[in-house]
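Sharing a structure, written as structure tokens. Questions coming.
The values are calculated or read from the model by the stated rules, or taken from the named source; none is laboratory data. The model shown is predicted, which means the values in this text are computed figures rather than measured ones. Cβ sites come from the backbone with ideal geometry, for glycine too, and all protein chains shown count toward neighbours. The area values use the complete protein model at the heavy-atom level, side chains included, leaving out ligands, DNA and RNA. Shrake-Rupley method; radii C 1.70, N 1.55, O 1.52, S 1.80 Å.
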Amino acid sequence: LLSALLRDQVLSALLLMAGVTGTSIAAGENLFQIRIMDQSCGWPVPLVELRTTHEMRFVSDNAGIIAIDAPELMGRECWFSIEGHGYGVEPDGFNYRGTRLTPTPGGMVEIQLRRDLPARRLGRITGAGIFGESQRFGLHTDWTESGVFGCDSVQIAMHRGALFWAWGDTTLPHYPLGIFHTSSATTTVNPLPRAEPPVKLAFNYFRDGGGRIRPVAIMQGDGPTWLSGYVSIPDENNTPRLVANYVKVRNFLEVYESGLCVWDEDRSSFRHHKTLWSKSPANASPPPVPDGHPIFWKDENGSEWLLFGDPFPRIRMKPVFESWENPESWSTLSPQKAVSTMEGHEDREVVPHRGSVVWSPFRRKWVSIFTQMNGKPSHLGEIWYAESDSPFGTWQNAVQVVTHNKYTFYNPRIHPHLSDLSTPVLLFEATYTRQFSGNSEPSARHDYNQVLYRLDLDDPVLYKSLKNGDQSGDDLNP
């Protein structure tokens with residue numbers, strides 16, 4: 001035993017002197033590398049699952065890479081079923097969708113997948129092991145783990161020269177119960193220089209004295225605190241104030257209180273500002289509140305307004321703090337309940353669940369991304385794109401741009417800050433989770449996290465649909 005230990009120590013010392021690490025030895029001798037690629041553009045495809053005939057599962061990381069070292073697979077021709085959630089291959093004679101590979105230590109192969117819908121999956125932007133497969137080959141070793149394993153839906157606002165991000169319930173490594181009073185982070189104004197994979201979006205999380213990510217919205221009462229309607233607006237002294245709507249939740253999804261909260265610049269956390277509603281037998285239903293994703297809008301008279309909706313506007317107010325804190329200054333709206341679809345879709349109209357709206361200078365229209373209620377094959381996993389001349393509608397000619405197979409993809413948020421909206425590039429993210437899907441098998445590392453997509457508004461497939469659906473005759477591709 002002593003001899004073996006001395007031998008291992010000597011070997012390790014020699015390898016270190018030579019600049020060789022154990023990881024690189026494993027990469028060179030033990031691992032088989034699979035690269036998943038989009039055949040239409042050559043980009044890597046994250047979140048593609050391969051499954052063997054004995055139920056081993058592998059999921060591609062943000063670089064589209066999978067590492068295999070299972071000894072029973074090496075040197076044998078093996079069938080790998082492919083689940084790509086909108087990416088795939090043609091079925092064989094038995095309707096199986098997959099490929100045969102022969103893994104070998106140190107070997108590598110590319111799998112080219114067909115993309116079925118216009119939006120391209122860029123990668124996961126939250127959670128752990130974003131480059132977990134690649135790093136086994138000594139790739140993307142500059143990526144640093146954040147300490148977040150999973151998180152719910154995003155809110156984002158430009159505030160005092162930085163982007164402020166917030167997420168709902170957040171999973172941490174040290175215990176199944178993580179953060180239930182909102183986690184948060186900041187980034188620079190332009191944290192994603194290129195809207196191409198592999199995506200590396202590093203967040204500066206708010207942490208406690210021990211370095212752990214901490215909650216930023218602790219409000220009194222039982223249950224989690226969820227934030228929405230995240231926006232920065234000036235007060236009467238022209239001081240920017242970061243504000244949000246909060247709800248308190250119990251018994252899984254029962255909202256029993258809603259109100260307003262304001263960011264405390266000194267404490268770097270939200271403080272309670274005003275309670276708007278508390279559930280009671282006489283007051284069982286909450287009133288309209290400034291939640292969802294806000295947009296700034298100027299009417300035909302040049303007056304500026306702040307609109308809140310999810311996806312379509314349902315509250316209007318002046319874009320100042322004093323109006324936001326005064327419900328009597330709000331105007332309630334009646335948003336459109338269903339959107340007609342472009343000819344050729346099985347559904348003649350779709351009912352939006354949640355989503356967001358922005359103005360697209362490229363399209364010279366208001367554009368929306370939203371999840372379909374009661375969609376197929378996923379109840380809350382199908383994503384649609386629609387346009388309107390006004391933020392209030394009429395929204396029409398919806399086109400499906402993302403699909404998921406029995407998996408939820410809810411609360412999509414368009415990112416007006418991550419790309420130049422005067423270009424065709426539209427970026428959006430949503431929460432990828434098995435919740436509400438009926439799927440009992442979560443995707444390793446990816447489940448309950450935020451996944452970023454790119455939609456090119458001049459994509460030939462999408463553009464053809466939009467042009468055929470336009471009623472004005474205008475040039476839709478400036």
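Under the condition of being of a type in the set (K, R) and under 15 Å from D61 (Cβ atoms), which residue from segment 112-167 is most open to solvent (accessible area, probe 1.4 Å)? It would help to see each step written out before you state the result.
Here is the first cut: in segment 112-167, the ones of a type in the set (K, R) are 114-115, 120-121, 124, 136, 160.
Remaining after also requiring under 15 Å from D61 (Cβ atoms): 121, 124, 136.
Details: R121: 4, R124: 4, R136: 83 Å².
Looking at residues that are of a type in the set (K, R) and under 15 Å from D61 (Cβ atoms), I get R136.
Scanning segment 37-92 for residues that are small (G, A, S) and farther than 23 Å from I130 by Cα, which turns out least open to solvent (accessible area, probe 1.4 Å)?
As a first pass, look at segment 37-92 and keep what is small (G, A, S): 40, 42, 60, 63-64, 67, 70, 75, 81, 84, 86, 88.
Retained after the next criterion (residues that are farther than 23 Å from I130 by Cα): 40, 75.
Numbers: S40: 79, G75: 59 Å².
Among them, the one singled out is G75.
Can you list residue pairs whose Cβ atoms sit under 8 Å apart, with the first residue in segment 316-340 being closer than 22 Å to N374 by Cα and in contact (Cβ under 8 Å) with a residue 24 or more places away in the chain and the second being among the β-branched types (V, I, T) and open to solvent by less than 60 Å² (accessible area, probe 1.4 Å)? Count only pairs 6 or more apart in sequence or on different chains.
Close Cβ pairs satisfying both conditions: V339/V350.
Another question about this same structure. Go through segment 36-66 and count every residue that is out of contact with any Ser or Thr (no Cβ under 8 Å at 6 or more places or on another chain) and assigned to a strand (DSSP E or B).
4
Condition test on G161, is it of a type in the set (G, A, S) and touching a residue at least 12 places away in the same chain (Cβ under 8 Å)? Outline the logic, then answer.
On the way: of a type in the set (G, A, S): yes; touching a residue at least 12 places away in the same chain (Cβ under 8 Å): yes.
Yes; evaluated as a whole, the condition is true for this residue.
Would you confirm whether or not segment 315-323 contains a residue that is among the basic types (K, R), surrounded by 16 or more Cβ atoms within 10 Å (Cβ to Cβ) and modelled with pLDDT of 95 or more? I'd like the intermediate steps shown before the answer.
Step one: filter segment 315-323 for residues among the basic types (K, R), giving 316, 318.
Remaining after also requiring surrounded by 16 or more Cβ atoms within 10 Å (Cβ to Cβ): 316, 318.
In the following step, the residues that additionally are modelled with pLDDT of 95 or more were identified as 316, 318.
Checked segment 315-323: at least one residue is among the basic types (K, R), surrounded by 16 or more Cβ atoms within 10 Å (Cβ to Cβ) and modelled with pLDDT of 95 or more.
Could you check how many residues of segment 231-246 are more than 14 Å from R160 (Cα to Cα) and either open to solvent by less than 30 Å² (accessible area, probe 1.4 Å) or in contact with a helix residue (DSSP H, G or I) (Cβ under 7 Å, 6 or more places away or on another chain) (or both)?
Residues of segment 231-246 that are more than 14 Å from R160 (Cα to Cα), as a first pass: 236-237, 244-246.
Among the residues that remain, those that are also either open to solvent by less than 30 Å² (accessible area, probe 1.4 Å) or in contact with a helix residue (DSSP H, G or I) (Cβ under 7 Å, 6 or more places away or on another chain) (or both) are: 236, 244-246.
Number of matching residues: 4.
Here's something else I'd like to know. Among T371, T341, which is the only one that is closer than 20 Å to R121 by Cβ, touching a strand residue (DSSP E or B) at 6+ places or on another chain (Cβ under 9 Å) and among the hydroxyl-bearing types (S, T, Y)? Step through it out loud before you land on a result.
Values: T341 fails: closer than 20 Å to R121 by Cβ.
Unique residue meeting the criteria: T371.
For D235, work out the one condition from (1) touching a residue at least 60 places away in the same chain (Cβ under 8 Å); (2) over 25 Å from W277 (Cα atoms); (3) of a type in the set (D, E, K, R) it doesn't fulfil.
(2)
Residue-by-condition table, conditions (1) out of contact with any helix residue (DSSP H, G or I) (no Cβ under 6 Å at 6 or more places or on another chain); (2) surrounded by fewer than 17 Cβ atoms within 10 Å (Cβ to Cβ); (3) at pLDDT below 95; (4) not polar (S, T, N, Q):
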position: S356; (1), (2), (3), (4): yes, no, no, no
position: I369; (1), (2), (3), (4): yes, no, no, yes
position: E387; (1), (2), (3), (4): yes, no, no, yes
position: A398; (1), (2), (3), (4): yes, no, no, yes
position: I414; (1), (2), (3), (4): yes, no, no, yes
position: E441; (1), (2), (3), (4): yes, yes, yes, yes
